[in-house]
Amino acid sequence: MVFIVSDRLGDVVAKFPGAGKVFKENRIDYCCNGGRSVEEAATAQNLDVNALLQTLNQSYEKAVAEGEKEHDWQTEAFEALIDHVVNIHHAYLQKTMPVLSELTSKILRVHGQHHGAELSKVHKLFNTFRMDMEAHLIKEEELVFPLIIEYERTGNKDKLALAVQNIDQLESEHAAVGDILHEIAEVTNEYQIPEDACGTYAYTYEKLEQVEEDTFRHVHLENNILFPRLRAILEPVRA
Ligand SMILES: [Fe+2]
Ligand SMILES: [Fe+2]
């Protein structure tokens, strides 16, 4: 048994990224709520904790047996981790969010008559997500990440301390955007399209679900790996 009931979700995914898929399949949020234990998360979702644990351990063993190699972000340089976050996850959002703003408007216009209540909520929620996320990405890219990179290049701990001062705020922004994504999943009944949906409707829901999945991976890297590593340098005893 690699994982046990008291393990924190964030730590499980940090050790074994494939666990993210298992959690997603069980509708467990491991990034914004990564501090919960496996047991707490299973109870909240009305799941059998032992069955969940067994699935986790089996998929871990399978990954090990197949020699799957993932990046070990726990030991990579901060600059490499930040480059990955910005070039993969931030770039994905910058590209996808404007497209989804248009799509959520379009399906509201076309299907508003029959599905107005759901689609106007989706439209509003997504655009709130977009606005919050845009400001958040700017704060990371312009303020916090450059401080971390400067600390790593020069060893100047004042820069690190300044970066760490902003982490609480970034974490609460993650929780806020995570809540919006949960609301979208709820309103759309886990992205299920109605029978009379057109191709654009289906495509929009598919894209919205991808945004959820990508944001979970993205926030996980920041909340469960980057931020704890930074805090641990400043407060080695407490961490
Ligand atoms: Fe980010
Ligand atoms: Fe972030």
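What is the gain in length, in nm to one decimal, between A80 and R231 on full extension, counting 0.36 nm per residue of separation less the C-alpha to C-alpha distance?
That pair, A80 and R231, stretches by 52.6 nm at full extension.
Distance between Cα centroids, region 139-212 to region 1-52: provide it in whole Å.
20 Å
Can you count the Lys pairs in the chain whose Cα atoms are under 26 Å apart, with each pair 8 or more apart or on different chains?
27
Would you please state which residues of region 49-66 a label at M1 would reach in this model, taking the label point 7 Å out along Cα→Cβ and a backbone N cut-off of under 11 Å?
Inside the label zone: 50-51, 53-54.
Taking the C-alpha atoms of the chain, how large are the radius of gyration and the largest Cα-Cα span, Dmax, in Å?
Looking at the chain, its Cα Rg and Dmax stand at 19.2, 60 Å.
Using 1/(1 + (r/R0)^6) with R0 = 35 angstrom and r between the beta carbons of E150 and D179, what's the FRET efficiency to the nearest 0.05?
0.60
What's the ranking of 187-194, 129-136 by average number of surrounding C-beta atoms within 10 Å, highest first?
129-136, 187-194
Counting only helical runs of four or more DSSP H residues, what would the 222 nm mean residue ellipticity of the chain come to if each run contributes -39,500 (n - 2.57) and the total is spread over all its residues?
Roughly -22500 deg cm²/dmol at 222 nm, from the helical runs in the chain.
Contour minus end-to-end for E25 and E39, with contour as 0.36 nm per residue of separation and end-to-end as the Cα-Cα distance?
That works out to 3.4 nm of additional length.
Please work out the Cα convex hull volume for region 100-239 and give it in Å³ per residue.
Dividing the Cα hull volume of region 100-239 by its residues yields 103 Å³.
May I have the convex hull volume per residue, in Å³, for the Cα set of region 9-65?
63 Å³
Each reported figure results from applying straightforward, stated rules to the coordinates on display, with no laboratory input. Model, not experiment: these values are computed from the prediction. Ideal geometry is used to build each Cβ from the backbone, glycine not excepted, and the neighbour counts take in all protein chains shown.
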